[in-house]
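The values are calculated or read from the model by the stated rules, or taken from the named source; none is laboratory data. As the structure is a prediction and not an experimental result, all values here were calculated from the model. Cβ atoms come from the backbone with ideal geometry, glycine included; neighbour counts cover every protein chain shown.
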Amino acid sequence: MDLIDGLKAFVATAQTGSFTEAAQRLGISNRLSSKYVAELETKIGARLLQRTTRKVGLTPSGQQLLNRAPALLDELDDLLTGIGEEAKGLSGVLRIAAPVTLGEIYIKGLLSRFAAIHPQLSIDLRLSDEHVDLASDGFDLAFRVGMPDVVTLKARKLFEFTSHLVASPNYLTLKGTPLRPDDLEAHTCIIDTNRRNATRWVFQQNGQEYALNPSRNLMVNSANIARDWAVEGCGVALCPNFVLHKELSEGKLVRLLENYQLPMHPLFAVYLDGNVLPRKVRALIDFAVEDVENNQIVTLPTA
């Protein structure tokens, strides 16, 4: 057995949780992928995977190896491929995690443009509003709102967006228009529970902060649904501005408390800390930064 083949089989099995899926990813037989991992365990002298009838899990030794093996394989690939790699383009699989709404609206476009110039690269985008564990879940990169608080992660800031307080014209006709944050106490509030500190809305004016705990009349873990409820006249919603462009331009929603400012939210490309940043991850991050600068992904006005 080649040590590199063993490491590749182990990483693919650990990331997919299945010898069968690992074999499909590597283009080899199920029997061979299992054999490679078993021989690697023998060579190392430690069990790396816990095998059950339903799935394959990691042992502590396996987790330790998984934390470093993908980067080592990428570094070796860099060494072997040399300077001719740029001409040939990237290859392999790039697994990416992103928030659902932002992923559907913006990240999908970024990745389609990136894939167009790297046709040999397989991109696996997984959308979830949960913060995945990049190492144990086998992700190369994640797009996240807010700076990560995990020391094993590094982050590259891409852009910032803000939120707007909105309601439909019909709702405002019936309930009146709030002019100050305190006025919201008399209104039906729609809360997007995906937001950090979702039940605390903070406004600023002339350097002074105004915070309130809105009534929890309607709560949902989706910015799109919070917006739709506001369009339907269900109440007042605090939504990220990137889900509001169409509804504001068509007059279906009206911005409220425009004399007050709301916090900005940074979007980061997040990746595992390591001695060498894998080539495909580095290429995507650089592309994303350039894409934003060229206004390819977003134009997110704050006013």
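Residues are listed down the side, and each one gets a yes or a no for (1) aliphatic (A, V, I, L, M); (2) over 23 Å from the mean Cα position of the chain (by Cα); (3) surrounded by 21 or more Cβ atoms within 10 Å (Cβ to Cβ); (4) at pLDDT below 95:
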{"site": "VAL231", "(1), (2), (3), (4)": "yes, yes, no, no"}
{"site": "VAL236", "(1), (2), (3), (4)": "yes, yes, yes, no"}
{"site": "PHE242", "(1), (2), (3), (4)": "no, no, no, yes"}
{"site": "HIS245", "(1), (2), (3), (4)": "no, no, no, yes"}
{"site": "PRO263", "(1), (2), (3), (4)": "no, no, no, yes"}
{"site": "PRO266", "(1), (2), (3), (4)": "no, no, no, yes"}
{"site": "TYR271", "(1), (2), (3), (4)": "no, no, yes, yes"}
{"site": "GLY274", "(1), (2), (3), (4)": "no, no, no, yes"}
{"site": "ARG279", "(1), (2), (3), (4)": "no, no, no, yes"}
Original post:
Taking the range 247-261, which residues are of a type in the set (Asp, Glu) and surrounded by fewer than 13 Cβ atoms within 10 Å (Cβ to Cβ)?
Top reply: GLU250, GLU258
Original post:
Can you name every residue in the range 144-174 that is surrounded by fewer than 16 Cβ atoms within 10 Å (Cβ to Cβ) and among the β-branched types (Val, Ile, Thr)?
Top reply: VAL150, VAL151, THR152, THR173
Original post:
When the range 178-225 is examined, which residues are found to be in a loop (DSSP other than H, G, I, E, B), surrounded by 15 or more Cβ atoms within 10 Å (Cβ to Cβ) and of a type in the set (Val, Ile, Thr)?
Top reply: THR188
**OP:** Spot the failing condition for ARG156; the list is (1) of a type outside the set (A, V, I, L, M, F, W, C); (2) under 21 Å from PRO70 (Cα atoms); (3) without any contact (Cβ under 8 Å) to a residue 24 or more places away in the chain, and only one is missed.
**Re:** (3)
Subject >> the range 152-179 - residue that is closer than 23 Å to ASN194 by Cα and β-branched (Val, Ile, Thr) and, of those, modelled with the lowest pLDDT >> reply: THR162
**OP:** Please specify each residue of the range 8-37 satisfying the condition of being touching a helix residue (DSSP H, G or I) at 6+ places or on another chain (Cβ under 9 Å) and touching a residue at least 40 places away in the same chain (Cβ under 8 Å).
**Re:** LYS8, PHE10, VAL11, THR13, ALA14, GLN15, THR16, ARG25
**OP:** Please work out which one of (1) within 18 Å of the chain's Cα centre (by Cα); (2) surrounded by 14 or more Cβ atoms within 10 Å (Cβ to Cβ); (3) in contact (Cβ under 8 Å) with a residue 60 or more places away in the chain is the condition PHE139 fails and give its number.
**Re:** (3)
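Residue-wise test of (1) among the aliphatic types (A, V, I, L, M); (2) in contact (Cβ under 8 Å) with a residue 12 or more places away in the chain; (3) outside the structural domain of ASP133 (by TED's automatic domain parsing).
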residue	(1), (2), (3)
THR152	no, yes, no
TYR171	no, yes, yes
LEU179	yes, yes, yes
ASP183	no, no, yes
ILE191	yes, yes, yes
ASN194	no, yes, yes
GLN204	no, yes, yes
PRO214	no, yes, yes
Original post:
Could you give every pair whose Cβ atoms fall below 8 Å, whose first residue belongs to the range 63-78 and is not assigned by TED's automatic domain parsing to the domain that holds ASP133, and whose second residue is in a helix (DSSP H, G or I) and modelled with pLDDT under 80, counting only separations of at least 6 or pairs across chains?
Top reply: GLN63/ALA135; GLN63/SER136; LEU66/ALA135; LEU66/SER136; ASN67/ALA135; ASP78/GLU85
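Yes/no matrix, rows are residues, columns are (1) part of a helix (DSSP H, G or I); (2) of a type in the set (A, V, I, L, M); (3) within 30 Å of LEU65 (Cβ to Cβ):
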residue: ALA97; (1), (2), (3): no, yes, yes
residue: LEU102; (1), (2), (3): yes, yes, no
residue: ILE105; (1), (2), (3): yes, yes, no
residue: PHE114; (1), (2), (3): yes, no, yes
residue: SER122; (1), (2), (3): no, no, yes
residue: ARG126; (1), (2), (3): no, no, yes
residue: VAL132; (1), (2), (3): no, yes, yes
residue: SER136; (1), (2), (3): yes, no, yes
residue: ARG144; (1), (2), (3): no, no, yes
**OP:** With a cut-off of at least 2 residues that are among the charged types (D, E, K, R) and closer than 23 Å to SER122 by Cβ, name the helices (runs of 4 or more DSSP H) lying wholly within the range 1-82.
**Re:** 3-16, 19-26, 60-81
